[in-house]
Every structure is written in structure tokens, then in C-alpha cells.
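Heads up: the structure comes next, in C-alpha cells.
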Amino acid sequence: MAAAIIDAVLIQFIKYMSKGVVSKEEDYSQWYNDLVIKADMAEYSPVKGCMIIKPYGYSIWEKMQAVLDVMFKETGHVNAYFPLFIPKSFLSKEAAHVEGFAKECAVVTHYRLKNDGEGNIIVDPDAKLEEELIVRPTSETIIWNTYRGWIQSYRDLPILVNQWANVVRWEMRTRLFLRTTEFLWQEGHTAHATAEEAIVETEQMLNVYADFVENWLALPVIRGKKTANERFAGALDTYCIEALMQDGKALQAGTSHFLGQNFAKAFDVKFTNRENKLDYVWATSWGVSTRLIGALIMAHSDDAGLVLPPKLAPIQVVVVPIYKHEEELENIAAYVKGLTAELKAKNISVKFDKRDTHRPGAKFAEYELKGVPLRVAIGSRDMQNGTVELARRDTKTKETVAQEGLSVKIEALLEEIQQNIYQKALKFKTENTIEVDTYDEFKRLLDEQPGFLSAHWDGTPETEQQIKDETKATIRCIPLDNKQEEGKCILTGKPSKQRVIFARAY
RNA sequence: CGGGGUGUAGCGUAGCCCGGUAUCGCGCCACAUUUGGGAUGUGGAGGCCGCAGGUUCGAAUCCUGCCACCCCGACCA
């Protein structure tokens, strides 16, 4: 008896080792790293802090891009492209901006290498640039320098431009997808005649992001504003969406900034308004990055691998044939051909994995690891009975269903899975968003049940900083739809009119 | 930059204290048998033991120097 139990444990251990994914409970951050690598999303590169996004991971980014791009265009934006390099002097024109980014800039100082005569390739000291170039950490400066030439009159406004690009921020500590030295993103940069219009734009784009993350990533978010401490360098107001990961830590999933006239003033971008008066242009910028892939992985996955929402899954349905002889496979393949055509007509992506180099069990495990939402297994028994085995990734349940009407059922199931994943995440977020009224309780919850803590704050940067120093929790945001209520700051006891959201964050 | 740790096959590792040309698992290749939850057997390929120097008849092992990476902290609109 005891031996049998030990054997069972041993078998589990061996399975875990071969799959190579540490459990979520055991070590959340190791679990996350393992998943990214084992699910073939990305790998480490020879350059510290930079990663190689592999085809499977990149195809998720492509899907995100495709959806967001449509959303941007539907709200009137157009795409353009600005240089990777920014003259060093540009960065320093906006004081807060340079303050925020100076410490994480990659700098280009030379433009040529040469052979030193001993077989070594060295930087050619004679090829020093007159002015150093910064590899963009974000593009406000070069874009606003450009906008100066595009804008003379209110008739030239608004300018609603987005760019898909890579940026570099030399962070000290990096994490796959969540914070890498180089990352891919989109950055919108708009110019407006009035503050009101710019604020409307800022809020509109925040809502676009929130809709996208909730409906496509199946991840509920809190929409809010950042406090002054957490604001983007150079912004008057930073709006954000904050999501909660399964370990109770918050992740900023997107930001939209109201930049006021800061960049227009720094780059001297003036226009003549309807009253024939010169004024500075009002600005916004907004962005989401490949960090969203990290959010997607962290939010839904389990110890068996990724759990991808159907709407963003590169493969929505995988078909695994089970056969002993070639003619059985041909028989199954003939049926699958029809099924595939039906599914494709419904815009559902299907992979028929008929590799004979891997056995069915290995394929099952592989697609679970990769988070494919639905798996169809078909063997000779099914072909005789007119059935298939249908397994869903989110619940890990299997059922035998009729081949008749299968594509309709699959279509409905994919929708159901999308909803189910969202509801599960919503439940988690709701259960882990807790109102706290004392500092002791606040600290206890951070250690025992981390999540979003809704608490009163006296509104001062000093208090915010002290709480951060003492607990590592930061104010994630002041929710936009916040109810106003009288209360006392959890740290100082001073009066407060509303609660704000605290959490430890990535 | 401070504290700690690790470098051995594609990956994960044993060997190091006590010197004799490297162990095991996964993966890879071939063949056969298999295929409804991660197959089995037989055979095979693959190693500047992080780099450089030293001690020694002989170094993965001992000594010196260097390099790289990882973890914790600082940092992270």
C-alpha cells in the first residue's frame, strides 16, 4: 500500500520533471518563467535583459496588434513611423521627461568599427558622433519636434498618429515579457487645439485599452488615474488600467497620458486658434506593450501550462488522430478535412496534428502546455460511432460528442470558454479586492492575502512614499468611478474623501 | 554598486574535499515493436569539464588571475 503511494508520487514527480514546469504554489515566478520557455513563447537571448520572441509567442502579439490596430483606426487614428534614434539634446528639453528616463537610456556614441591590426574589432575612436543619439525609450520628444513643422493653425488639428515600434529601457532587473530591455509596443501621440479635447482623447484611449484587455485577454481591469508620484515623466495626468495576477500582485496593463502643453512648450509647437491667438498645442500619448503577453500568461494559466482565451489563441482547435494503421488515418483525415473546412468558414483556426512521430498522449500534453482551448481526438472507435472526444483546456473536462453538428458546437464552446475564463478572473479579482481601514490590517493582508487593497489615503505624496517604503505597496490608481465617502487615512488618520487602490506590483 | 551562489553534451546533473581523460536522466539519430493520456527494446552520435596561467609524470579535481550568468537588495513613467 505504502509502496503504491510512493510509486504514484514518484510517477507524478517524473511527469513534472519531464514537463519541467514548477507548480504555481511552490514558486510563482519560477512557474511563470518555466511556462514561457516550455510553452515555446520565448527564450533568453545572448544579450542580457533581451529576449527572443518565438513564433508561438509572436503570433499572439500579431493577433493583439491586428485587433488593436482596427480599434485605433475606428477611433480615427493613422499609423506612421519615427526614427529609432533620438538626438540626446531632445530628451533634455522637457525637464520632467529627462529626469524620468535619463537613467535607463542606451546611448550611441560611434558609427564605425575598425580592425586594430591585431585581429580585434574595436570601436573606431575617429568615428565619434558630433551629438550622441539615444535609442528611444519612448518617442514624445522626436515626435513633438516633428509636429512643430506640421502644425500652424487649428485647421491642422487634431493629429491622431500611432506607431508600432520597439523601444529600449535599460532596466536593472528584467523579466520575460513583463519587463525587458527592448520591448515591442505601440505608442499613440495626438495633438489637439484644446485641453478638453485632449482629455477626451486620453480617456477614450484608456477605454479602448480596457475594452481590449477585458474582451480579448479575458482579464478584468480597474480603470483609474495615477497619483503624482506614479505619473508618467512629463504628463499632467496618467490614466491606467490595472490588472490582478494570480499571486495577488498588480500589473499595469496600459497607460494613457494627458500631457497638457508640456511637450508643445518644450518643442515650441504653437498654433493660431479660432480667435486668431497663438497658443501651445495640447497633447496625449498612450501605449500598450508585449507586457500584455505576460499578463495573459500570468492571469489564466495553471500547472499544466498556458490557458489562452480563444479570441487570442494562435490555434483555437487542435485535432489529434488516434490510429493503428495507415488506412485508419486516411479514414480519419477524410473526415477531418470536412470539419476543418467548416471551422475555417467560421473563422476558427484549426490544426490537424497527424505527425506519426509522437503518440497521442504526448500531443495531448503538448497542446495543454500551449493552452490550445479545444482538443478534438478521433480514433477508429469514434469513426464507427460517429463521435469524437472533445476536451476543453479551461476546465480540463472531456466529453464524447456526435460528429453531427460538431462545428456548431465548437463555435459555441469557444465563446463559452472565453466567457468562463473572464468570469474566473473576475471572481478572483473581486475576491481579492478588499476594503481595509487600519494600517495593521493593511500590512497583514499584504502578507497573507495579497491583492487590491482599497483604503483611505490623505492625498499626500509623503504618506504614499512612507507606505511604499514600509510595505512595498504602491497606489496603483484612483479608480475613475470612485464613490466619494468620508474616511481616515490608514497611515496618518487624516481625513480622506475617497479610497484608493493599493497593491504590490510587477 | 553591496551580499550570496553557479559555470561539466541541446537541457538538467554526478564526480571536485582525497589528481589517473567524465556519471546519470531527458532530449537527439537508426531499426523493430507500439499508438484512446507524456511508449518500450536494442544499437548509436554528441564533451577545449567557463577562459588564461601555474603546480604535477598526469588537472574537471589543487593554486592564482580573469570572464560570464543567476538570486537577494538598490532601480523600475
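The values are calculated or read from the model by the stated rules, or taken from the named source; none is laboratory data. Since this is a predicted model, take the numbers as computed values, not measurements. Every residue, glycine as well, gets a Cβ built from its backbone with ideal geometry; the counts of neighbours run over all protein chains shown. Areas reflect the complete protein model, heavy atoms only, side chains present, ligands, DNA and RNA absent. Shrake-Rupley method; radii C 1.70, N 1.55, O 1.52, S 1.80 Å.
Values as computed for the structure displayed
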| item | result |
| --- | --- |
| Count of residues meeting criterion [over 26 Å from the mean Cα position of the chain (by Cα), under 15 Å from residue A:446 (Cα atoms) and open to solvent by 10 Å² or more (accessible area, probe 1.4 Å)] in region A:460-490 | 3 |
| Condition met for residue A:211 (farther than 26 Å from residue A:449 by Cβ and either surrounded by fewer than 19 Cβ atoms within 10 Å (Cβ to Cβ) or assigned by TED's automatic domain parsing to the domain that holds residue A:27 (or both)) | yes |
| Test: residue in region A:339-349 that is within 16 Å of RNA strand B (Cβ to nearest atom), more than 30 Å from residue A:69 (Cβ to Cβ) and not assigned by TED's automatic domain parsing to the domain that holds residue A:194 | yes |
| Cβ-Cβ under 9 Å pairs, at least 6 apart or on other chains, region A:399-411 side touching a residue at least 24 places away in the same chain (Cβ under 8 Å), far side aromatic (Phe, Trp, Tyr) | A:403/A:335 |
| Failed condition for residue A:371, given (1) on the phi > 0 side of the Ramachandran plot; (2) within 9 Å of RNA strand B (Cβ to nearest atom) | (2) |
| Among residues of region A:147-192, those that are open to solvent by 40 Å² or more (accessible area, probe 1.4 Å), among the hydroxyl-bearing types (Ser, Thr, Tyr) and either at pLDDT 95 or above or not assigned by TED's automatic domain parsing to the domain that holds residue A:289 (or both), counted | 1 |
| The listed residue being open to solvent by 40 Å² or more (accessible area, probe 1.4 Å), closer than 30 Å to residue A:464 by Cα and not β-branched (Val, Ile, Thr), out of A:428, A:452, A:442 | A:428 |
| Criterion: open to solvent by 20 Å² or more (accessible area, probe 1.4 Å), among the charged types (D, E, K, R) and either assigned to a strand (DSSP E or B) or touching a Lys or Arg at 6+ places or on another chain (Cβ under 7 Å) (or both) - qualifying residue of A:351, A:344, A:337 | A:351 |
| Cβ-Cβ under 8 Å pairs, at least 6 apart or on other chains, region A:92-120 side closer than 18 Å to residue A:145 by Cβ and outside the structural domain of residue A:265 (by TED's automatic domain parsing), far side part of a loop (DSSP other than H, G, I, E, B) and open to solvent by 60 Å² or more (accessible area, probe 1.4 Å) | A:98/A:92; A:105/A:170 |
| Any hit, region A:190-207, residues being within 14 Å of RNA strand B (Cβ to nearest atom), among the β-branched types (Val, Ile, Thr) and within 16 Å of the chain's Cα centre (by Cα) | no |
| Filter pass, residue A:357 being in a loop (DSSP other than H, G, I, E, B), open to solvent by 10 Å² or more (accessible area, probe 1.4 Å) and either at pLDDT below 95 or more than 13 Å from RNA strand B (Cβ to nearest atom) (or both) | yes |
| Selection count where residues are within 12 Å of RNA strand B (Cβ to nearest atom) and small (Gly, Ala, Ser), scope region A:228-249 | 4 |
| Inter-residue pairs, beta-carbon under 6 Å, first outside the structural domain of residue A:449 (by TED's automatic domain parsing) and of a type in the set (Phe, Trp, Tyr) and in region A:244-269, second more than 16 Å from RNA strand B (Cβ to nearest atom) and open to solvent by 10 Å² or more (accessible area, probe 1.4 Å), 6+ apart | A:258/A:199; A:267/A:145; A:267/A:148 |
